[in-house]
1. At what distance in angstrom do the alpha carbon centres of region 44-64 and region 251-290 lie from each other?
2. For the chain, give the magnitude of the charge dipole about the Cα centre (Cβ charges: +1 Lys/Arg, -1 Asp/Glu; no others), in debye to the nearest 20.
3. List every residue whose amide H lies under 5 Å from the amide H of residue 198, counting only residues 5 or more places away in sequence or on a different chain, with H placed 1.01 Å from N in the peptide plane.
4. When DSSP assigns beta bridges and you keep just the ones with both residues in the chain, what percent turn out antiparallel, to the nearest 5?
5. Taking H as built 1.01 Å from N, whose amide H comes closer than 5 Å to the amide H of residue 40, not counting residues under 5 places away?
6. Count neighbours as other Cβ atoms within 10 Å of each site's Cβ, and list the trypsin sites (Lys or Arg not before Pro) in region 45-149 that are DSSP loop with at most 15 such neighbours.
7. Using θ = phi - 60° and the Karplus form 6.51 cos²θ - 1.76 cosθ + 1.60, what ³J(HN,Hα) does each residue of region 271-282 get, whole Hz, x for Gly and Pro?
8. Using the Cα atoms as the points, what is the convex hull volume per residue of region 110-166 in Å³?
Amino acid sequence: MKKITLITTFIIILSTLITACGGGAPAAADLLEEIQNRGYIMVSTDPNYEPQSFLNTAGTRPSDTICPSDALTPAEMQGFDVDVAVEIGKRLGVETCFATPDWDIITAGNWADKWDISVGSMTVTPDRQEALDFTSPYYYTPAMVGTLSDSGISSLDDLANQAVCVAVATTYESWLEGTLDLPAEQIYAQPPAGITVVTLPTDQECAQALAAGRTDFVAYVTSDTVIDANLAAGMDVTKVGKAVFSEFLAVAIDKSHTLPIDTLLKAVDDAVIGMHADGTLTNLSINWFGTDLTLDPSK
């Protein structure tokens, strides 16, 4: 009996050591399989980018969620990008969880496997494609300039030699700096001369700071949808002129993930294409923006 007890104890200890060292279930062959094994997909997005993505302060975290404790659940977030991410998760058969790192960290790539995809209204650019892979665009937005209604600014020319706010590491910053690398047909206007660029973590912070009385810049560049949300929230702002360029917005995946990403990229791309085909994206766009922004403006 003593010998059997010793053998049993040895087996238990050996099993514990194997588990601690990563033994047991075989390692996932790729990122898609890992996501399916764990049962959730980790999505990075912006917590202050209404109406695309923003915190739902009235939301209650579900007791049965399998999202990590340091991640947000769909009940704690809301917006167009949030709904798109949740639908992608459903089509992959997993729960969707959210991480909210700074935008410049997301666009730079090298995510250290901390999240799986970005659903954050990211414009596809050649620079970003060096570090990230992209799906087909899931929607398209015009970039606009906004300012206070009583600023006296009524055209882009009025912004010459002025300070303008943008979110850091955005295409809006690149446009103001004259370095935006997009096809010529997507760029409708050049930035005014002599612009001083002021950066904040998110586009909405530019609008919020301007409305709160900040005076070190006179305008901000962002998505047309953000200015519409500012107007709906009662901010005393107005749009300056027409759209300055068009953004083709897609889901991004870090090329440097330690697991192969090709199967996940295809699965997410298939989900996006399917959401276009069955009207899901159109319905979500109309719900959040009041118009269909899923149509390619170049066609």
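The values are calculated or read from the model by the stated rules, or taken from the named source; none is laboratory data. In this text, all values refer to a predicted model and were calculated from it rather than measured experimentally. Reconstructed Cβ throughout: ideal geometry from the backbone, glycine too, with neighbour counts over all protein chains shown. The area values use the complete protein model at the heavy-atom level, side chains included, leaving out ligands, DNA and RNA. Shrake-Rupley method; radii C 1.70, N 1.55, O 1.52, S 1.80 Å.
1. Using only Cα atoms to place each centre, the spacing works out to 19 Å.
2. Here the chain has a charge dipole of around 1060 debye.
3. Placed amide hydrogens put 164, 165, 166 under 5 Å from residue 198.
4. Approximately 65 percent, going by the DSSP bridge assignments.
5. It is 95, by chain and number.
6. 114
7. Those phi angles translate into 5, 5, 4, x, 5, 5, 5, 8, x, 4, 5, 4 Hz.
8. Details: hull volume 9.3 nm³, N = 57.
So the per-residue Cα hull volume is 162 Å³.
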